[in-house]
Each structure stands twice: as structure tokens, then as C-alpha cells.
Amino acid sequence: MEELYEKADALFELENYTDCYNLLVDIEECHQVADVYWRLARCLYYKNHSEEKRPSKSQLKLVLTDIHRYAKTGVELDPKNSNCCVWYGIGVDELAGLDGVHERLKHSPVSHYYWTKAIELDPNNFLAHSELGIWYFIVSDVSEVIRKFETVFYTSPPIATYEESLASLLRCEELCPRHLIRNMLYLAKCYKALGQYDESLAFCKLVIEYQGSGYDVEELLLLVSRTTHTASTSKRRKPFSANSSVSRQRLKQLQAIGQNESHMH
């Protein structure tokens, strides 16, 4: 089995996702084990995001349903498998995200649980740290209007801080530097939210220099261009009163960035 895993992982690292996926499907026919299922989820996820054109919502739902199914099977077979936990959290989060921010937040405690569990099982799981950091950022960034609405779904809405987000995102970078474009993008956004504009611009630069392909990379590059612009503008802007109309307008612009992100791991 280890030789088959090594072959599948080598194909994955070469970004030969089709051959990797086909090999894993062949392995799965004979070996229904957790380490096959999280690899299937991972490969299918990257295969989808490597496409040049974004799939339709219905096509994406089919792919995410398979990813969710693979990861769920892995977790059921081995609840203590860190990689199964992190990919199950991703499957839950991505499927819910197709139906908007409310559904995503509604299901976020499940994702949070599995990403936290993944880190407990393997403190060096860099992807789990990244996902948790992004979760902290999104929850921190939710507007008060949405947060009040979400009390319909929760006894108490999820709460997080930008500082928690920063710590998790930086831990991912420490474990696997410059590897995940979304992690670097959210570091740029998090530093901007904390008013640390030089650091934000530094990570914006790293995102722009990232060597990758696929529709998701292109979309993230568009997002970072907005973050770069607002971080540069905010760095030059003098302090302002929160009660002024200019301040309120600026705050709305800053809050607008970060909405409707796509996932890339």
C-alpha cells in the first residue's frame, strides 16, 4: 500500500490530477481505507480548481458532493485520521458555501470542529491551520447585520478575532512557507484589517508572484489586487473620525473586500 500511496502522491505533486485520481479509484476498489479516501477528496478538489474555466454551480455541486462523500467515508473509517478530518471540514464548508454566506455560517461549527480536531491529532497539519485561520477571519469579518440574523440558527453566533486568524495563518506559513495561495491572501487581508499595512502589502506581493494555474488562482489574483489597493490607500490616509460620512464610506469599502471568496487550498 505504501508504494501505491507514494505513486499517487508523486502524481499529485506533479499536478497530474487525472492519473492520480484514476489510480486512487483503482486502489479504492480493493482497499477501502481512510488514507485512500482523503487522498481522493484532495485530488478531486485540486483537479477541479486546476481547470481554466470555473464550472457552473450545478457542476461544482456534483464535484463537492463527491469530495464530501469521500472525506466523510474516511472519517467514519478512522475518526482519528487528521487528513480525513481536515478534508471533511472542507467538504462541509464548501458545499454549504454554494448556498451563500448564511448557509456557510450555519454549518461553520461543524467545519471548525473538524479542523480543530485535525490539529489536535496532528499539530503540524498545515492545511488545518490555514482553514482554521480563514474561518476565524470570515467569522471576524461578518457584519453586525448578518451576525444578528444568524442568531436564528445559533444559541450564540460564532465569535472569533483577527488576532486568532493571524496566529493560525502564520502557523501554516511556518509549517509550509509560500505553499498555499489562499493562506497568503488571507494573511494580507488579516494584516490590513489589523491596520498593519506594510505586512499586508508584503503578502499581497507574494500572492502576485505565486506560480500557479487554474480559474481559482486567477480569481484570487483579482482579489489581491483590491486588497493591495486598499492597503496602499489606507497606509497613506490620515486618521479619521468614525463619526464622519467619509469614515463610514471607507469602512463600507473595506468591509466589502473579502466577500464571496472562492476556496483554494
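Can you name every one of the helices (runs of 4 or more DSSP H) wholly within segment 141-207 that holds 2 or more residues which are of a type outside the set (A, V, I, L, M, F, W, C) and modelled with pLDDT of 80 or more? Helices (runs of 4 or more DSSP H) meeting the threshold: 162-175, 181-193. The residue list 47, 80, 61, 117 contains one member that is outside any helix (DSSP H, G or I), touching a residue at least 24 places away in the same chain (Cβ under 8 Å) and of a type outside the set (Ser, Thr, Tyr), which is 80. Evaluate segment 49-64: report whether one residue or more is at pLDDT 95 or above, aliphatic (A, V, I, L, M) and closer than 27 Å to residue 165 by Cα. Yes; the residues of segment 49-64 include at least one that is at pLDDT 95 or above, aliphatic (A, V, I, L, M) and closer than 27 Å to residue 165 by Cα.
Test residue 7 against the criterion of being in contact with a helix residue (DSSP H, G or I) (Cβ under 7 Å, 6 or more places away or on another chain), surrounded by fewer than 16 Cβ atoms within 10 Å (Cβ to Cβ) and not in a helix (DSSP H, G or I), and give yes or no. No, not satisfied.
The values are calculated or read from the model by the stated rules, or taken from the named source; none is laboratory data. Everything quoted here is computed from the prediction, not taken from an experiment. Virtual Cβ from ideal backbone geometry, glycine too; neighbours counted across all protein chains shown.
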